[in-house]
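Visitor: Have a look at this one.
The values are calculated or read from the model by the stated rules, or taken from the named source; none is laboratory data. All values derive from a computational prediction rather than experimental measurement. Cβ: placed from backbone, ideal geometry, glycine included. Neighbour counts: every protein chain shown.
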Amino acid sequence: MSFTSEVKDELTRVLPGCSHCDKATLAALVRIEGTLFFSGPGKYRLEVATEISSVARLVIRSLHQIYALRTELTVRRSVLHKTPNFLITVPSQPKLEAALRDLGVLGEAGLEMGIDEKLVEKTCCAAAYLRGAFLGSGFIADPRGDFHFEITVASEEMANGIVSLLAERDISARILQRRSSFIVYLKSGTAISDFLAFVGAHQSALRMENERVRKSVRNNVNRKVNAEVANQAKSSEAAVEQIVSIRKLAESGKVADLAPGLQEFVRLRLQYPNASLKELGERANPPLSKSAVYHRVRRLEQLAKDL
């Protein structure tokens with residue numbers, strides 16, 4: 001099971017915060033995953049499709065309990081993906097139009113494109129609506145890889161509404177248009193964890209947070225290791241250049257004419273070719289600071305350059 005499926009399965013088991021939360025969840029699911037058919041005045045047929053069995057059960061249960069609507073379920077199997085697809089059909093019936101208006105699907109001018117504010121007045125209802133939106137078309141990448149989260153909707157008004165609901169919880173989301181769809185997406189691991197916690201997927205949020213901490217520790221270790229390797233490579237390269245300078249001076253017979261401090265550095269560098277300047281300074285007699293050793297290196301390299 002993918003991480004997205006695990007999150008959706010957990011979300012279907014979240015208990016409502018108030019008597020209106022189930023309606024908010026159903027409203028988002030119908031808006032995002034539903035298809036509305038019109039065949040005449042007051043004659044509507046609604047279809048809701050999903051690949052998650054627990055989501056299908058939630059939709060059917062909510063339609064029955066909230067609006068007492070008659071539903072039909074068809075289970076189809078994808079030949080390509082070998083996965084079942086659940087089609088919930090709400091045939092034309094007297095109570096359907098009133099239910100669609102109550103869910104914010106139909107308005108005075110026809111189809112509504114944004115989010116009905118009455119559905120998300122309470123914080124718990126806003127969480128329920130976002131929960132339904134994710135159950136409808138949400139995707140979340142496995143946290144062991146790159147952090148990525150998105151909800152696909154059909155209208156820009158709907159996308160802006162979701163972004164506004166998230167902003168009220170200090171969760172910053174962005175919108176990307178892809179063909180005729182609008183993608184509300186999150187890239188921050190912290191933002192994704194905050195979303196999961198807000199909508200009630202606490203186990204998934206905990207897993208996200210564990211992975212985020214693990215990645216942070218791993219990245220810090222990698223940075224320190226890379227910095228150490230880079231410093232060692234730089235130190236080794238500098239040591240090679242110093243030894244080359246010493247050989248030039250030795251071949252020209254100039255080493256014996258060097259000042260005592262430079263002769264001591266020559267002896268230490270040849271004796272400890274892999275040591276850093278700090279380590280060479282500690283071995284000097286008397287011990288020298290790194291800057292003092294570096295000053296001798298500059299003098300030595302300049303003498304070799306003059307040759």
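Visitor: From the list Thr74, Thr50, which residue is of a type in the set (Ser, Thr, Tyr) and farther than 24 Å from Met158 by Cα?
Guide: Answer to the check: Thr74.
Visitor: Quick check on region 176-188. Is at least one of its residues within 16 Å of the chain's Cα centre (by Cα), surrounded by 14 or more Cβ atoms within 10 Å (Cβ to Cβ) and among the polar types (S, T, N, Q)?
Guide: Yes - at least one qualifying residue is present in region 176-188.
Visitor: Let me ask something additional. Asn220 fails exactly one of the following numbered conditions: (1) modelled with pLDDT of 85 or more; (2) within 23 Å of Gly145 (Cβ to Cβ); (3) among the polar types (S, T, N, Q). What is the number of that condition?
Guide: The one condition Asn220 does not meet is (1).
Visitor: Please work out which one of (1) out of contact with any strand residue (DSSP E or B) (no Cβ under 6 Å at 6 or more places or on another chain); (2) in contact (Cβ under 8 Å) with a residue 12 or more places away in the chain is the condition Pro41 fails and give its number.
Guide: (2)
Visitor: Just the residues that are part of a loop (DSSP other than H, G, I, E, B) and modelled with pLDDT under 90, please, taken from region 68-113.
Guide: Hits for region 68-113 are Ser78, Val79, Leu80, His81, Lys82, Thr83, Glu108, Ala109, Glu112, Met113.
Visitor: What are the residues in region 251-261 that are more than 17 Å from His295 (Cβ to Cβ), loosely packed, with under 14 Cβ neighbours inside 10 Å and not polar (S, T, N, Q), if any?
Guide: Glu251, Gly253, Ala256, Asp257
Visitor: Take region 262-275 and flag every residue that is in contact (Cβ under 8 Å) with a residue 12 or more places away in the chain, over 14 Å from Arg296 (Cα atoms) and surrounded by 13 or more Cβ atoms within 10 Å (Cβ to Cβ).
Guide: Those that are in contact (Cβ under 8 Å) with a residue 12 or more places away in the chain, over 14 Å from Arg296 (Cα atoms) and surrounded by 13 or more Cβ atoms within 10 Å (Cβ to Cβ): Leu270, Ala275.
Visitor: Give me the residue from region 114-140 that is aliphatic (A, V, I, L, M) and part of a helix (DSSP H, G or I) and, out of that set, farthest from the chain's Cα centre (by Cα). First the steps, then the outcome.
Guide: Looking only at region 114-140, we keep the residues that are aliphatic (A, V, I, L, M), and these are 115, 119-120, 126-128, 130, 133, 135, 140.
Retained after the next criterion (residues that are part of a helix (DSSP H, G or I)): 119-120, 126-128, 130, 133, 135.
Details: Leu119: 28, Val120: 26, Ala126: 22, Ala127: 20, Ala128: 22, Leu130: 17, Ala133: 18, Leu135: 18 Å.
This residue is Leu119.
Visitor: Does at least one position in region 43-63 carry a residue that is more than 28 Å from Thr4 (Cα to Cα) and of a type outside the set (Phe, Trp, Tyr)?
Guide: Going residue by residue through region 43-63, those that are more than 28 Å from Thr4 (Cα to Cα) are 43-45.
With the extra rule that they be of a type outside the set (Phe, Trp, Tyr), the set shrinks to 43, 45.
The answer is yes, given that some residue of region 43-63 is more than 28 Å from Thr4 (Cα to Cα) and of a type outside the set (Phe, Trp, Tyr).
Visitor: Identify the single condition in (1) out of contact with any strand residue (DSSP E or B) (no Cβ under 6 Å at 6 or more places or on another chain); (2) at pLDDT 90 or above that Phe139 does not satisfy, given that it satisfies every other one.
Guide: Going through (1) out of contact with any strand residue (DSSP E or B) (no Cβ under 6 Å at 6 or more places or on another chain); (2) at pLDDT 90 or above one by one, Phe139 breaks only (1).
Visitor: Residue check, Glu10 against (1) surrounded by fewer than 16 Cβ atoms within 10 Å (Cβ to Cβ); (2) part of a helix (DSSP H, G or I), all met but one. Which one?
Guide: (1)
Visitor: Right, next: Condition first: within 16 Å of Gly42 (Cα to Cα) and under 35 Å from the mean Cα position of the chain (by Cα). Now tell me which residues in region 85-102 satisfy that.
Guide: Leu100, Asp102, listed by residue number.
Visitor: Considering (1) over 30 Å from Ser5 (Cα atoms); (2) assigned to a helix (DSSP H, G or I), say which one Pro287 fails and leave the rest.
Guide: Failing condition for Pro287: (2).
Visitor: For region 187-226, give me the residue count where each residue is charged (D, E, K, R), in a helix (DSSP H, G or I) and in the same structural domain as Asp22 (by TED's automatic domain parsing).
Guide: Looking only at that region, the number is 1.
Visitor: Okay, moving on. Looking at region 156-186, which of its residues are over 14 Å from Gly138 (Cα atoms) and part of a loop (DSSP other than H, G, I, E, B)?
Guide: Glu168, Arg169, Asp170, Ile171, Ser172, Arg179, Ser180
Visitor: Would you call Ser193 among the hydroxyl-bearing types (Ser, Thr, Tyr) and either surrounded by fewer than 14 Cβ atoms within 10 Å (Cβ to Cβ) or over 19 Å from Ala28 (Cα atoms) (or both)?
Guide: Yes.
Visitor: Taking only region 17-52 into account, find how many residues are within 23 Å of Glu112 (Cβ to Cβ), of a type outside the set (D, E, K, R) and not in a helix (DSSP H, G or I).
Guide: Within region 17-52, the first condition is being within 23 Å of Glu112 (Cβ to Cβ), and the residues that meet it are 18-50.
Subset that is of a type outside the set (D, E, K, R): 18-21, 24-30, 32, 34-42, 44, 46, 48-50.
Of the ones still in play, those that are also not in a helix (DSSP H, G or I) are 18-20, 34-42, 44, 46, 48-50.
So the count comes out to 17.
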